[in-house]
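Reviewing the structure listed below.
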Amino acid sequence: MTVTELNRLARDVLEQNFPLFWLTGEVSNFTRAASGHWYFSLKDASAQVRCVMFKGRNSYVDFTPREGDKIEARCTVTLYEARGDFQLTVEFVQRAGLGALFEAFEKLKNKLSREGLFDDAIKRSIPAQPKKIGIVTSPDAAALRDVLTTLKRRMPNIPVILYPTPVQGQGAAQSIANAIHQANARAECEVLIICRGGGSIEDLWQFNEEIVARAIASCAIPTISGVGHETDFTICDFVADKRAATPTAAAELASPSREGLINALKQLKSQLSRNMQFILNQHEQALDYLARRLISPTQQLAQQKLQLEQLGYRLHAAMQQTLNTKQQHVLRLSQNLAHLNPKSVLTRGYALVQTKSGAIVSTSGQLKSGDEVTLTLGAGTAEAVIQNIRHNINR
């Protein structure tokens, strides 16, 4: 393999097999580069190791190590491939002697975790619209000013109740716990902010005490922990219902944004206006459609009159046609009747012969010599006596 491949493989092995750990040593060969990174060595009586702490991490440290300082470093093992140097990447440093505090911190954290005080299942949600907000902190703390300024900016109409307590020094943990119990007993607010500004682990240690953790756990009011800076973690953060990176962030979590609510109302107003306009347009279109179908009484009467006139005209035409048809039929019948009328025949020189009894004589066999008959002519009648009778005369 190549040297690059070898160094990369060695780096992977180191990084995968060494978890994040604490190392104690004396600072040597400390250098701050132009980039802001720190380069130094940690040593003891028998050995030393190169270290690098990048700018993004050392900016959170509240002191600059000096040559000979005893420090504790939280770091990971790696290999700088370009030179093949074994080195440590330091995430955090503190002055030596704080290891006992971290040990106590981890011990209490594990104990409370096993008891279930950190479980998400028991965490309560922070009310979106609290009527009152409580604050547990020192009246002289800068954190209080930050919280009040943020609350005033976001929602100035929400009343704030301060439960004052020292947040540093001997007996502060008991005072903090008492303030939390007082807020819980008075039940005046819907959310409780427990806060203080940043500082060293010793400064924040009061919020790592078990008495404070159990006071928070027993509080019926939803709690927000806003202790220290973003990189600071305390037992208070784990027990509280919500952890905020800073006191200002805690105030933002506890209060609704007035500007946000106004914008939301504007959006709702705009949406409501659009919906109302849409509904009005739909109904207007429906009215227009119905209006086109709707006829006024005058128009309706006029249409009905026109229909009646048309029906009358059609009836008259039908009657006239029927009358004409009947008249033609009667005329034909009259003509036929006229043709069949005996009198019409008689006018052409024929005569109707009847016996005295009125019977019509149609054959010579009905007569005998000497019978008297009546002759009906085209005009008038005549009486005659039969003298000669001839039968079977060919026509």
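Please work out if Leu323 is aliphatic (A, V, I, L, M) and within 30 Å of Thr376 (Cβ to Cβ). No, not satisfied. Filtered by the rule that a residue be within 30 Å of Glu91 (Cβ to Cβ), of a type in the set (D, E, K, R) and out of contact with any Gly (no Cβ under 7 Å at 6 or more places or on another chain), region 216-271 gives Glu230, Asp237, Asp241, Lys242, Arg243, Glu252. Filtering region 286-306 for residues that are acidic (Asp, Glu) and not in a helix (DSSP H, G or I) leaves an empty set. Flag: Ile221 matches the condition of being of a type in the set (Val, Ile, Thr), more than 31 Å from the chain's Cα centre (by Cα) and within 30 Å of Leu117 (Cβ to Cβ). Number of residues in region 216-248 that are touching a Ser or Thr at 6+ places or on another chain (Cβ under 9 Å), part of a strand (DSSP E or B) and touching a residue at least 40 places away in the same chain (Cβ under 8 Å) equals 2. In this structure, Ala141 qualifies as modelled with pLDDT under 90, assigned by TED's automatic domain parsing to the domain that holds Ile211 and either over 49 Å from the mean Cα position of the chain (by Cα) or not β-branched (Val, Ile, Thr) (or both).
Any residue that is without any contact (Cβ under 8 Å) to a residue 24 or more places away in the chain and out of contact with any Phe, Trp or Tyr (no Cβ under 9 Å at 6 or more places or on another chain) - is there at least one of those in region 191-203? No: region 191-203 contains no residue that is without any contact (Cβ under 8 Å) to a residue 24 or more places away in the chain and out of contact with any Phe, Trp or Tyr (no Cβ under 9 Å at 6 or more places or on another chain). Being of a type outside the set (S, T, N, Q) and under 25 Å from Glu230 (Cβ atoms) holds for only one residue in Leu42, Leu20, and it is Leu20. Pairs please, first residue from region 25-39 and in the same structural domain as Thr64 (by TED's automatic domain parsing), second anywhere and outside any loop (DSSP other than H, G, I, E, B) and surrounded by fewer than 12 Cβ atoms within 10 Å (Cβ to Cβ), Cβ atoms under 6 Å, 6+ apart in sequence or on different chains. Note: pairs meeting the criteria are Tyr39/Thr31. Yes or no: Glu188 acidic (Asp, Glu), closer than 20 Å to Gln129 by Cβ and either part of a loop (DSSP other than H, G, I, E, B) or at pLDDT 95 or above (or both)? Criteria met by Glu188. For region 14-44, a tally of residues being out of contact with any strand residue (DSSP E or B) (no Cβ under 8 Å at 6 or more places or on another chain) and at pLDDT 90 or above returns 3. Being assigned to a loop (DSSP other than H, G, I, E, B) and charged (D, E, K, R) is the filter; apply it to region 55-94 and report the residue that is surrounded by the most Cβ atoms within 10 Å (Cβ to Cβ). So, considering only residues that are assigned to a loop (DSSP other than H, G, I, E, B) and charged (D, E, K, R), the one surrounded by the most Cβ atoms within 10 Å (Cβ to Cβ) is Asp69. For Ala251, the stated conditions do not hold, so it cannot be described as farther than 19 Å from Phe118 by Cα, more than 39 Å from the chain's Cα centre (by Cα) and not in a loop (DSSP other than H, G, I, E, B).
Note on region 233-250: residues that are of a type outside the set (Lys, Arg) and within 12 Å of Ile194 (Cβ to Cβ) amount to 10.
Residue-wise test of (1) over 13 Å from Val93 (Cβ atoms); (2) surrounded by 12 or more Cβ atoms within 10 Å (Cβ to Cβ).
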| residue | (1), (2) |
| --- | --- |
| Glu5 | yes, no |
| Arg11 | yes, yes |
| Leu20 | yes, no |
| Thr24 | no, yes |
| Val27 | no, yes |
| Phe30 | no, yes |
| Ala33 | yes, no |
| His37 | yes, yes |
| Ser46 | yes, no |
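Only one of Ser257, Ser273 is more than 20 Å from Leu162 (Cα to Cα), in contact (Cβ under 8 Å) with a residue 60 or more places away in the chain and small (Gly, Ala, Ser). Can you tell me which?
Ser257
The requirement of being within 17 Å of Leu151 (Cα to Cα) and at pLDDT below 95 is fulfilled nowhere in region 272-295; no residue meets it. Filtering region 181-237 to residues that are in contact with a strand residue (DSSP E or B) (Cβ under 7 Å, 6 or more places away or on another chain) and β-branched (Val, Ile, Thr) leaves Val191, Ile193, Ile194, Ile201, Ile216, Ile221, Thr223, Ile224, Val227, Thr234. Scanning region 365-395 for residues that are in a helix (DSSP H, G or I) and surrounded by 14 or more Cβ atoms within 10 Å (Cβ to Cβ) turns up just one, Gln366.
The values are calculated or read from the model by the stated rules, or taken from the named source; none is laboratory data. Quantities reported herein were computed from a predicted structural model and do not represent experimental measurements. Using ideal geometry, Cβ is built from the backbone for each residue, glycine included, and neighbour counts are taken over all protein chains shown.
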